[in-house]
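To start, the structure under review is shown below, and the notes come after it.
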Amino acid sequence: MANFVEATSQQQFEEFLSRAGKNLTVVHFQAEWAPQCGQMNDVMAELAKERARTTFVRLEAESVPEVSEKYEISSVPTFLFFKAGEKVDRLDGAHAAELTKKVQRLAVSGSPEHGGAAGGADLNQRLKKLINAGPCMLFMKGSPQEPRCGFSRQIVALLKEHNIQFSSFDILSDEEVRQGLKTFSKWPTYPQLYVNGELVGGLDIVKELAASGELENTCPKAVTLEHRLKTIINQSPVMLFMKGNKEAARCGYSRQTLEILNETGLDYDTFDILQDEEVRQGLKTYSNWPTYPQLYVKGEMIGGLDIIKELKESGELVSVLKGES
């Protein structure tokens, strides 16, 4: 595959960047000993088939230390995104769905730093969407399970201690969001906590709210997992829980299911279980169904790929999706 290559030296790395010009170059800093790097190379290979104008580069992080040090690579896998020889974004960790999203967005857009007025408008829309992705949104370094700085660790502990239900976004995974949100919210540091789309503040303000007893009134209380699952299942009349999303299925079963549903011409929504481990595990128990994908119509479980295939063959699928039987 001509656009999926390996760089074994700094010179080769720089040549690939130069050759790509203004087109997107995705560089995977990897290690042979890390199985997650092999998995992400498989994802890159698939993306390379779809994106002929994008160059995908594998680089053994420890073998080219001068490049790794220059770009502060401290763990593998790490992905850097370049345009016109300049780094425009970064992704730390093995996040297939996030890598796919970034490639899709950056391959067709300008550099986040040089995108001009239209790019700024698009970024603001994206930031508004992220801020309103949950009633209580925390922008932090790392995840609630693995905070990547002391301030983020402290704010997560406070929210959990006060039984606050919150969603989070790892600003280390998206340089565009990381820099853009500082300007958008006029708040220069992280973490940042938002409630109902409005900025509450950082760690010091959350500490003050907790000390005064106001934190519980400011933020929504935690809901049970069962309530959360019911809410997501009923988000749309037809809900598909799958690996990946409508644009990029991340397993063969999910891909086949999308193809069958798309043939019906009916609307449906999807939920990527790879992005939420709590939902991924909890739904198996809730529905008493151990595998994915899982299809729900009007809150009721229909089944997985085999059942969907049977409904298609019997001619019942459309009426089931419409809730007529």
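The values are calculated or read from the model by the stated rules, or taken from the named source; none is laboratory data. These numbers were taken from a predicted model, which means no experiment stands behind them. Cβ atoms come from the backbone with ideal geometry, glycine included; neighbour counts cover every protein chain shown. Areas reflect the complete protein model, heavy atoms only, side chains present, ligands, DNA and RNA absent. Shrake-Rupley method; radii C 1.70, N 1.55, O 1.52, S 1.80 Å.
By the gyration tensor of its Cα atoms, with a ≥ b ≥ c the square roots of the eigenvalues, what is the shape of the stretch 142-295: rounded for a/c under 1.5, prolate for a/b over b/c, or oblate? It is prolate, given that a/c is not under 1.5 and a/b is the larger ratio.
Hey, what number do you get for the chain at 222 nm if only DSSP H runs of n ≥ 4 count, each worth -39500 (n - 2.57), divided across all residues, to the nearest 500?
Values: 14 runs with 147 residues, N = 325.
After summing the helix terms and dividing by residue count, I get -13500 deg cm²/dmol.
Here the simple spin-label model places points 7 Å from the Cα toward Cβ, and for S319 and E161 these points are separated by 5.9 nm. Considering only alpha-carbon pairs that sit under 8 angstrom and 6 or more positions apart, the relative contact order computed for the chain is 12 percent. Counted by Cβ distance under 9 Å from L80, the other residues give a net charge of +1, where Lys and Arg count +1 and Asp and Glu count -1. Here the label points at E146 and K182, each 7 Å from Cα along the C-beta direction, are separated by 2.5 nm in the simple model.
Counting only C-alpha contacts under 8 Å and six or more residues apart, can you give the relative contact order of the stretch 138-238 as a whole percent? Computed over the stretch 138-238, the figure is 30 percent.
Within the stretch 1-118, the ratio Rg/Rh, alpha carbon atoms throughout and Rh by Kirkwood, equals 0.93.
Would you mind telling me the share, in percent, of accessible area of the chain contributed by carbon and sulfur at probe 1.4 angstrom? Could you put the intermediate results ahead of the total?
Details: 7850 of 16510 Å².
Here it works out to 48 percent.
Where the alpha-carbon atoms of the stretch 206-289 are placed on the principal axes, they occupy 56, 25, 22 Å, in descending order. Measuring max minus min along each principal axis, the C-alpha atoms of the stretch 273-325 give extents of 34, 20, 19 Å (largest first). For I302, the accessible surface of its heavy atoms amounts to roughly 40 Å² (probe 1.4 Å, protein chains only, rounded to the nearest 10).
For the chain, the Kirkwood estimate of the hydrodynamic radius, built from every pair of different alpha carbons, is 21.8 Å.
Over the stretch 21-87, the ratio between the Cα radius of gyration and 2.2 N^0.38 Å evaluates to 1.09.
If the chain between E46 and W33 were fully stretched, how many nm would it gain, using 0.36 nm times the residue separation less the Cα-Cα distance? Display every interim value, and only then the final one.
Numbers: separation 13, 0.36 × 13 = 4.68 nm, distance 2.16 nm.
Value of the extension gain: 2.5 nm.
Entry comment: accessible area of the chain is 51 Å² per residue, from protein heavy atoms only and a probe of 1.4 Å.
Here K22 is the anchor, and the aspartates and glutamates within straight C-alpha reach of less than 12 Å, apart from those fewer than 8 places off in the same chain, are E86.
What share of the DSSP beta bridges in the chain is antiparallel, in percent to the nearest 5?
Values: 28 of 46 bridges.
Around 60 percent of the beta bridges assigned by DSSP in the chain are antiparallel ones.
Counting only protein chain heavy atoms and rolling a 1.4 Å probe, the accessible areas of H95, H28, H227 rank, largest first, as H227, H95, H28. The aspartates and glutamates within cross-link reach of K128, meaning a Cα-to-Cα straight distance under 13 Å and a gap of 8 or more places when in the same chain, are E198. In the stretch 113-211, Rg over Rh equals 0.97, where Rg is the alpha-carbon radius of gyration and Rh the Kirkwood radius from pairwise Cα distances.
Between Q281 and E216, with labels modelled 7 Å along Cα→Cβ, what's the label distance in nm to one decimal, could you check? Roughly 2.8 nm, to one decimal.
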